[in-house]
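The values are calculated or read from the model by the stated rules, or taken from the named source; none is laboratory data. None of these values were measured; they are calculated from a predicted model. Please note: Cβ atoms are built from the backbone with ideal geometry, for glycine as well, and neighbour counts cover all protein chains shown.
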Number of protein chains: 2
Amino acid sequence: MSELSTDWLNEIRWDTNGLVPVIAQEHATGSILMFAWMNRESLQITYETRQAVYWSRSRNKLWRKGEESGHVQHVYEIRLDCDEDVILIKVEQVGGIACHTGRHDCFYRKLENENWLTDQPVIKNPQEIYKHE
Amino acid sequence: MSELSTDWLNEIRWDTNGLVPVIAQEHATGSILMFAWMNRESLQITYETRQAVYWSRSRNKLWRKGEESGHVQHVYEIRLDCDEDVILIKVEQVGGIACHTGRHDCFYRKLENENWLTDQPVIKNPQEIYKHE
């Protein structure tokens, strides 16, 4: 898809399904927004376009984050861990909503006295975010 | 191992190997320290002792983080994502070194012009951290 070198993609230890786990962290605040997976193609597109593209394991296809919701992620940094098998991306979350539940991020439940308590509000109703025809 | 309720453990969607991915974030700075896995037992111990215990997939046994190095992680918060299949823990990293390479965290390589560039120093020589007999 481009003439850039892709040697850096070969340094990643892809799992048996050709995927790598990806942590998306909000650049400005340090909040963890979400956790997802990328394949080789999605990481290359993410790097070249500076917009996060994941691999959807449930739909088995490229997942251009924000395609439907408009909540795209602009990518500031791409990092690799010591074992070359986890990616960390630092992003700006357009709309301030990363989670499909309409919350800022996906980690909105906190363990308190053996219960998972939700401590983040829904910013926008998911039905308004995803307008299926 | 204790008489506390473990219903909260049943709400987690463990993968086919009985594991869940875990992101460890530094409580004070927001830095992502490392990414690892937990099984049911390790998460329960982590919750009850407030010290991070992972599941080592390579050694196939409980991995009491810092057992050898002294670089234990005190756990302040345990969070669950929207799909109930990823855990985020917020920790204090004793010694300021989470990575086995002797660096602050595992994400010390940054993608720049198609190269993974190391931008974090080794704080302590790993040979001094892990003194095998």
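Among (1) surrounded by 14 or more Cβ atoms within 10 Å (Cβ to Cβ); (2) at pLDDT 95 or above; (3) part of a loop (DSSP other than H, G, I, E, B); (4) more than 9 Å from chain A (Cβ to nearest Cβ), where does residue B:69 come up short?
Going through (1) surrounded by 14 or more Cβ atoms within 10 Å (Cβ to Cβ); (2) at pLDDT 95 or above; (3) part of a loop (DSSP other than H, G, I, E, B); (4) more than 9 Å from chain A (Cβ to nearest Cβ) one by one, residue B:69 breaks only (2).
Taking the condition within 28 Å of residue A:46 (Cβ to Cβ), surrounded by 16 or more Cβ atoms within 10 Å (Cβ to Cβ) and β-branched (Val, Ile, Thr), does residue B:87 pass?
Yes; evaluated as a whole, the condition is true for this residue.
Looking at (1) more than 25 Å from residue A:24 (Cβ to Cβ); (2) over 16 Å from the mean Cα position of the chain (by Cα); (3) modelled with pLDDT of 95 or more, can you tell me which one residue B:82 breaks?
Here residue B:82 meets the rest and fails (1).
Which condition number in (1) surrounded by 13 or more Cβ atoms within 10 Å (Cβ to Cβ); (2) outside any strand (DSSP E or B) is the one that residue A:55 fails?
Condition (2) is where residue A:55 drops out.
Under 7 Å between Cβ atoms, at least 6 apart or on separate chains: pull out the pairs that start in region B:101-122 with a residue that is at positive phi and end on any residue that is in a loop (DSSP other than H, G, I, E, B).
Cβ pairs passing all conditions: B:102/B:122; B:102/B:123; B:102/B:124; B:102/B:125; B:114/A:4; B:114/A:5.
Restricting to region A:1-52, name every residue that is at pLDDT below 95, assigned to a loop (DSSP other than H, G, I, E, B) and facing another protein chain (nearest Cβ under 9 Å).
Once the filter is applied, which keeps residues that are at pLDDT below 95, assigned to a loop (DSSP other than H, G, I, E, B) and facing another protein chain (nearest Cβ under 9 Å), region A:1-52 yields A:4, A:5, A:6.
Restricting the search to region B:1-47, which residues are in contact with an Asp or Glu (Cβ under 9 Å, 6 or more places away or on another chain) and of a type in the set (Val, Ile, Thr)?
Result: B:6, B:12, B:20, B:32.
Residue A:64 is checked against (1) away from chain B (no Cβ under 14 Å); (2) farther than 26 Å from residue A:120 by Cβ and fails just one. What number does that condition carry?
For residue A:64, the exception is condition (2).
Quick check: is even one residue across region B:98-113 surrounded by fewer than 20 Cβ atoms within 10 Å (Cβ to Cβ) and touching a Gly at 6+ places or on another chain (Cβ under 6 Å)?
Within region B:98-113, not a single residue is surrounded by fewer than 20 Cβ atoms within 10 Å (Cβ to Cβ) and touching a Gly at 6+ places or on another chain (Cβ under 6 Å).
Tell me, which residue of region B:75-90 that is outside any loop (DSSP other than H, G, I, E, B) and charged (D, E, K, R) is farthest from the other protein chains (Cβ to nearest Cβ)? First the steps, then the outcome.
Taking region B:75-90 and keeping what is outside any loop (DSSP other than H, G, I, E, B), we get B:75-80, B:87-90.
Okay, now just the ones that are also charged (D, E, K, R), so B:77, B:79, B:90.
Values: B:77: 6, B:79: 4, B:90: 10 Å.
Within region B:75-90, the match that is farthest from the other protein chains (Cβ to nearest Cβ) is B:90.
Any residue at all in region A:91-104 that is facing another protein chain (nearest Cβ under 8 Å) and in contact with an Asp or Glu (Cβ under 7 Å, 6 or more places away or on another chain)?
Scanning region A:91-104 turns up at least one residue that is facing another protein chain (nearest Cβ under 8 Å) and in contact with an Asp or Glu (Cβ under 7 Å, 6 or more places away or on another chain).
Give just the number: which of (1) surrounded by 16 or more Cβ atoms within 10 Å (Cβ to Cβ); (2) touching a Phe, Trp or Tyr at 6+ places or on another chain (Cβ under 9 Å) does residue B:26 not satisfy?
Residue B:26 satisfies all of (1) surrounded by 16 or more Cβ atoms within 10 Å (Cβ to Cβ); (2) touching a Phe, Trp or Tyr at 6+ places or on another chain (Cβ under 9 Å) except (2).
Got at least one residue in region A:123-132 being buried (at least 20 other Cβ atoms within 10 Å of the Cβ) and within 11 Å of chain B (Cβ to nearest Cβ)?
Within region A:123-132 (the criterion being buried (at least 20 other Cβ atoms within 10 Å of the Cβ) and within 11 Å of chain B (Cβ to nearest Cβ)), the answer is no, since none of the residues qualifies.
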